1. What are the residues in region 36-78 that are of a type outside the set (Val, Ile, Thr), part of a loop (DSSP other than H, G, I, E, B) and closer than 22 Å to Lys95 by Cα, if any?
2. Somewhere in region 190-205, is a residue of a type in the set (Gly, Ala, Ser), closer than 26 Å to Tyr274 by Cα and touching a residue at least 24 places away in the same chain (Cβ under 8 Å)?
3. Need the failing condition index for Ala563 against (1) open to solvent by less than 20 Å² (accessible area, probe 1.4 Å); (2) out of contact with any helix residue (DSSP H, G or I) (no Cβ under 8 Å at 6 or more places or on another chain); (3) at pLDDT below 95; (4) of a type in the set (A, V, I, L, M), just the number.
4. Quick test for you: out of Arg168, Arg158, pick the one residue that is open to solvent by 60 Å² or more (accessible area, probe 1.4 Å) and either farther than 13 Å from His181 by Cα or among the charged types (D, E, K, R) (or both).
5. Report those strands (runs of 3 or more DSSP E) wholly inside region 339-403 carrying at least 2 residues which are within 24 Å of Thr11 (Cβ to Cβ).
6. For region 499-509, check the following and say yes or no: at least one residue is under 22 Å from Glu640 (Cβ atoms) and surrounded by 24 or more Cβ atoms within 10 Å (Cβ to Cβ).
7. The conditions are (1) under 19 Å from Gly522 (Cβ atoms); (2) without any contact (Cβ under 8 Å) to a residue 12 or more places away in the chain, and Ala616 fails exactly one of them. Which is it?
Amino acid sequence: MLGHDDWSEVTRPISSQDLWNLKRVGQPEHIPNSKSVVVAVSGFPDGEDATSQLFTVDRDGVTQPLTSQHRHASSPSPDAAGRRIAFLSKIGDDKAQVHVIDIDGGEASRLTALPLGVRYVTWIPNGESLIVVAPLLRGFPGVSETQDELESRDGRPRPVVTEDRVFRHWKRWLAGDTIDHVFRIDIADGSVHHLTEGLDRLIGLSEFADSLTVTPDSATVILTLDDDTEPWNHISFSLYSLPVQGGAMTVIPTGDSASTTRPRVSPDGTMLIYGAQYERDYYADHVRIVSHHLPTGTETILTAGWDRSCAGWEFIGNEELVLHAEDEGHIRIFTMSLDPGDPIPQTSGGSNHGPRPGLDCFWHRSESMHQPPEIAFTCGGHTNVISAFNEDALGELELRPAEEIRFTGSDNNQIQAFVVEPPRFDPSRTWPLLQNVHGGPHNGVMDAWSWRWNTQVMAAAGYVVVSVNFHGSSSFGDSFTRSIRGAWGDKPGKDIDAATNHLLDRGYIDSSRMAIAGGSYGGYLVTWITTQTDRYKTSICHAGVTDLLGQWASDVTAGRESAVGGVPWKDMDAVQRWSPMAHAHDITTPTLVIHGEDDYRVVVTQGLVLYGVLKAKDVPARLVYFPDEGHWIETRRNAELWWSEFLAWLNRWVAPGATP
């Protein structure tokens with residue numbers, strides 16, 4: 001990519017269309033006994049439909065295709081010998097099935113034909129079999145039963161009857177839908193062995209790499225399993241062991257945690273490592289790494305004194321771990337021994353994550369706000385980015401590194417933010433400001449690339465873009481994250497205001513041309529702020545929480561009392577204190593409202609009630625409604641419309657670009 005000092009007329013500002021023309025680099029997996037990784041790289045060469053191809057990349061950056069670009073290949077898993085790659089593949093609208101290909105290439109062989117496809121695959125260490133996670137219809141917990149039921153259905157929607165409190169998740173129905181099961185696939189004859197017949201509990205909700213592992217002796221699958229009692233009221237996972245050759249699952253006695261995640265076993269088979277959260281119904285409780293000595297059951301919380309949330313850990317031999325964690329607006333890679341203590345950072349700038357131990361290094365992805373993810377390896381604290389899947393495309397674009405700033409916010413605490421300036425930025429002129437407000441609330445803005453809320457695209461439209469890690473954000477310690485519980489709009493709103501004032505003091509922001517935009521909790525904070533001030537000339541609320549009472553229709557309702565300050569049957573005043581709709585009489589800011597019908601986290605009525613109130617008050621408002629999207633806008637066609645509406649609304653109320 002062209003450096004900061006090399007910008008010239010040969011480059012151009014990035015557009016939203018460019019986001020869909022860039023390659024999207026997946027998680028690299030180290031190929032044992034080699035200095036190479038295998039990785040899935042996806043793109044949209046023909047428009048709407050994504051393709052995904054497997055590549056091998058070595059330490060010198062030599063990149064070779066492993067699969068054809070005509071099939072959709074994903075989720076590569078190398079065997080322990082480094083000779084074969086198992087992966088998921090489909091063509092067209094087919095369901096993804098397990099395929100295996102030799103590392104030297106050739107034709108891939110298909111191993112499964114499960115009725116609803118496969119969601120995850122990994123090798124048993126002895127190389128004789130694969131462990132597969134695949135969905136079956138709930139209530140039809142065998143392969144043949146699911147197949148027969150699918151053939152008998154006529155395609156019409158089916159009623160859902162439940163007594164569960166947890167019955168939906170993001171855009172998926174849990175009640176009346178599917179349940180994931182574990183299968184063993186034997187390589188020699190392709191036989192399929194169902195290991196979890198009759199299962200009606202969740203193995204995981206999203207990333208199955210965080211949900212199961214196979215012990216080095218190839219005898220046992222260790223997995224997370226939802227263990228809440230019926231009716232299902234809470235999301236809580238415990239660790240279970242499952243014999244690879246079949247048999248009953250048994251719970252692994254662990255400490256008094258609220259939920260567990262990502263089991264991993266040392267190469268010698270003696271030590272189990274897992275992640276634990278200890279506060280029930282609080283998703284932002286930081287994850288601690290726990291060691292569990294399998295022969296004796298002795299446990300130690302290894303990161304009890306570390307004020308960061310651990311993720312992505314893997315063993316390096318028998319005595320050391322590598323992991324990643326969010327840390328002050330960056331994702332860094334750390335190493336640590338199996339003795340309690342603070343992990344040691346191995347990377348610094350940008351964001352680096354998904355470490356995989358190699359022969360003498362850690363493979364991972366590396367990215368920043370001005371660099372899409374690429375493959376990198378880190379040795380001795382030095383990081384080398386070695387893939388270049390987007391080199392040619394990025395060479396055309398003017399992308400500005402984000403400036404990391406600090407300023408005084410609420411409670412006189414130092415607050416961090418990232419500022420991205422427009423192309424050809426000149427600080428002697430005045431520019432419009434766009435506040436880009438992150439969601440969560442307990443997420444954070446990382447110095448990382450975003451395929452959705454991309455600050456480079458926003459800045460390229462002619463705005464100075466600031467993204468604030470306000471109180472409540474992740475990566476700054478547990479007390480900072482917890483500091484907004486019960487008062488969602490208070491400290492974060494003051495931090496946003498302080499960031500705006502800080503940038504105004506720099507002299508290049510035009511106070512008459514300021515806008516604010518955010519999604520999810522970010523949409524909440526945007527709406528809350530417009531009940532408190534009219535300093536922003538326009539706002540954009542995507543999938544935003546606007547009515548705290550109405551959020552009892554969300555897919556997650558447990559823990560809401562501590563999150564927002566009260567529950568309606570105990571203290572309605574507490575609920576309404578920080579609810580934007582309870583203060584809607586003060587909103588005068590022109591607002592673009594965006595929402596998807598299939599959003600079960602922030603239900604669509606949250607957007608519709610805001611739009612309805614604004615129109616009734618004669619406040620300029622515009623609604624963009626997606627009947628086929630959820631919390632995120634995922635299809636290219638809809639995403640391009642999203643960007644068109646987003647930027648057109650900004651330009652309508654806040655003139656872009658510099659003024660003398």
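1. Phe44, Pro45, Asp46, Gly47, Glu48, Asp49, Ala50, Leu66, Ser68, Gln69, His70, Arg71
2. Within region 190-205 (the criterion being of a type in the set (Gly, Ala, Ser), closer than 26 Å to Tyr274 by Cα and touching a residue at least 24 places away in the same chain (Cβ under 8 Å)), the answer is yes, since at least one residue qualifies.
3. Ala563 satisfies all of (1) open to solvent by less than 20 Å² (accessible area, probe 1.4 Å); (2) out of contact with any helix residue (DSSP H, G or I) (no Cβ under 8 Å at 6 or more places or on another chain); (3) at pLDDT below 95; (4) of a type in the set (A, V, I, L, M) except (1).
4. Result: Arg158 is the single residue among Arg168, Arg158 that is open to solvent by 60 Å² or more (accessible area, probe 1.4 Å) and either farther than 13 Å from His181 by Cα or among the charged types (D, E, K, R) (or both).
5. 362-368, 371-379
6. No: zero hits.
7. Tallying (1) under 19 Å from Gly522 (Cβ atoms); (2) without any contact (Cβ under 8 Å) to a residue 12 or more places away in the chain, Ala616 fails exactly one: (1).
Here is a yes/no grid of residues against (1) buried (at least 20 other Cβ atoms within 10 Å of the Cβ); (2) acidic (Asp, Glu); (3) touching a Lys or Arg at 6+ places or on another chain (Cβ under 7 Å):
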{"site": "Pro216", "(1), (2), (3)": "no, no, no"}
{"site": "Val221", "(1), (2), (3)": "yes, no, no"}
{"site": "Thr224", "(1), (2), (3)": "yes, no, no"}
{"site": "Thr229", "(1), (2), (3)": "no, no, no"}
{"site": "Asn233", "(1), (2), (3)": "no, no, yes"}
{"site": "Leu239", "(1), (2), (3)": "yes, no, no"}
{"site": "Val244", "(1), (2), (3)": "yes, no, yes"}
{"site": "Ala248", "(1), (2), (3)": "no, no, no"}
{"site": "Ile252", "(1), (2), (3)": "no, no, no"}
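The values are calculated or read from the model by the stated rules, or taken from the named source; none is laboratory data. Because the structure is a prediction, the values reported are computed rather than measured. For neighbour counting, all protein chains shown are included, and Cβ atoms are generated from backbone atoms with ideal geometry for every residue, glycine included. Ligands, DNA and RNA are excluded from the accessible area calculation, which covers all protein heavy atoms including side chains. Shrake-Rupley method; radii C 1.70, N 1.55, O 1.52, S 1.80 Å.
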